[in-house]
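A.B. asks: I have a structure here, written as structure tokens, and I will follow up with some questions on it.
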Amino acid sequence: MLLSQHSSNPLEVGSSDPRNRAYHNEYVAARRVNGPRNFTSEEEEGTGHHTLTGYRNHLAELYKSSSLKPMQGDTPPMVDLDEGMESEDDIKSMDCPQDICDLDDADVDDDDAQGETDEEMTIHLKPPEEQQEIQLEVANLLAAVPQLSEDYKIVDRLGTGTFSSVYKAIDLWYHTKWDNTPWHGHHLPHSSAYYQSVAYSKGSKVFVAIKRIYVTSNPERIRNEISIMQDCRGTRHTCQLITAFRHQDQIVAIMPYHRNDDFREFYRDLPMAGIKAYFRCMFRALRDVHSRNIIHRDVKPANFLFDPRMGIGTLCDFGLASRIESSTPTHGACMHTPSSPEYPHGKPRSRHEYDIEQLKRMQREARQKSSWPSDRVGYPDKDTRPHSKANRAGTRGFRAPEVLLKCGQQTGAVDVWSAGMILLFFLTGKFPLFQSSDDIEALMEIATIIGRQRMERTAILHSRTFATNVPSIANEGTSWREFVERQNPGLRDVPRPDVRYYPYHPANTPSYSSQPPPSSSSTFDPPSRLQSPPMAHVQPTQDSHNEDIENALSLLEKLMEPDSTRRMTPRDALYHPFLADPSEVEDDELFPHPFGEGRCRRYHFVDEVTEEPCVLVSVDGHERVRRLVAGEGIAIGNNPCEFHMEEFGLED
């Protein structure tokens, strides 16, 4: 679960969190045992305080628009991230601390270093109290997992949740110690995910996200998350698992750091081209994840790290993800089939597979109850009916109807509904829209829009009934198109190009130089690294804007289809007129197949004993078995995997 600085995350912990005292006590105990650590310049006598104060005041001048204020008088001790710097007045010439490593390269551009330094110093833009809190948390983490300090330099906290905390760090040995090929993958140069496969330039600082999973988390939940992230290696626009390890009862996962902005800061102003880029990335991620029989289950803005300047997004937080179940529940079996390659969202069962008279009787009883007065409505005092069990994981306001109805055969359609909800935010200009307190209220909110009849049909599909005597629930309901138009009367007003965002941001113009903008992370790259430089974007006209709106509304109707078997798949969404781009390569040609599928699948197999992925390769004319790690041996589109290029005559 990669938690960003998104304030939309309801699980974030404030500076007043009562755990701070426990962190502080553990920190003091760790200091007594291990002595002062070299990641901070804090000393008992306050050595370096004036230097840090001067530097922080200097940052305050640079970032006048932020909440950072110059320091005056005595302040709490903070993490000193500029230890070892040659000059505190010349930010552009900052070097990596000499006591850790020398990452300088004579060929690295000064502006590149500026961007890296800004990213390293983000902690100084936070209030002093929060800095101290982060310092204590980092000390606690390093005391609990000592080997972290040997390989990573933690520079900031990205977010805190119920089950984990995530920190930003510099990978000290990316260029010399690790084999990063498996998690980088082999995406093609004309793929939107090509940036994932390009190694960082020699001498650059590589930022990663370190996720500390709390010991209170269920062990099976931890195993499931790490296993799923391993299986998602090589997928597009998903947070890749670099490594994960355990020290006693502490679990730590390392992932790439992705620059992103809070959804609420840009969703009203993002140009239409930016909205298209947002959903192309999202549906490519969902297509790849679903093809591996995995449901994310918690698709929402806070779990999609989007950089509105570059138009690049990454799906993160697989803490609630699950495998697609192919078995049929013994009680309350749905009236649709499980997911299959031919029908990813299942299909309605034929009439001879269920008791049609029983369903009609259930509907009549439900409609009769809907006409009862309020004093007769309620639950039985002693309900003898068997309980329905189903996975209800997700976030309030984003759960699909089948999740609310406790469907026992859920598919990737639940993620598509959540993606449609995000598109609804963009089109209405309102976020959030649904804020129910429980599943019943959530069903009522949806029924208020789609109407009683569609909700009844949806319930029957999952062997449930829907009954309500609320008079505001109309029989026919309305379309999502009409709902959007009522919520946003200015929907068809042509917006002015906004140079803050993709595609009008200077980083996306042909004349843009190969220098990252200030405060960029090392994940930022000029267009030349991502793919061919984009052409200058023409400002939208009234006709082109109207066409985009019509296509967006058409896509919304298909994503927000309450019948999960008729809901659009991620692949179909990518070929919808709103997202399809005739000038780009078709998505099928860039799709990373699950291991064992694709052009060279006959050379792939899984060891029956060790369950390791293996491939057959030719060595000096003899066939040999090569054992792989997760992320290797992925065939993309019609191309073979990296081990079989020669067999298919594609070796460079």
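A.B. asks: Residue 350 accessible area, nearest 10 Å², 1.4 Å probe?
C.D. replies: We get 40 Å² for residue 350.
A.B. asks: Using a Cα-Cα cut-off of under 24 Å, which lysines could be cross-linked to residue 382, ignoring same-chain neighbours fewer than 8 residues away?
C.D. replies: 369, 406
A.B. asks: Can you order the peptides 290-301, 625-636, 544-555 by their average number of other Cβ atoms within 10 Å per residue, highest first? Write down the numbers at each step before the final one.
C.D. replies: Numbers: 290-301: 23.4, 625-636: 19.3, 544-555: 17.1.
Ranked by mean Cβ neighbours within 10 Å, highest first: 290-301, 625-636, 544-555.
A.B. asks: Additional query: In whole angstrom, how far apart do the alpha carbon centroids of the range 252-285 and the range 591-652 sit?
C.D. replies: So the two Cα centres are separated by 32 Å.
The values are calculated or read from the model by the stated rules, or taken from the named source; none is laboratory data. Computed from a predicted structure; not experimentally measured. Glycine also receives a Cβ, built like all others from the backbone with ideal geometry; neighbour counts cover every protein chain displayed. Surface areas here come from the heavy atoms of the whole protein model, side chains and all, with no ligands, DNA or RNA. Shrake-Rupley method; radii C 1.70, N 1.55, O 1.52, S 1.80 Å.
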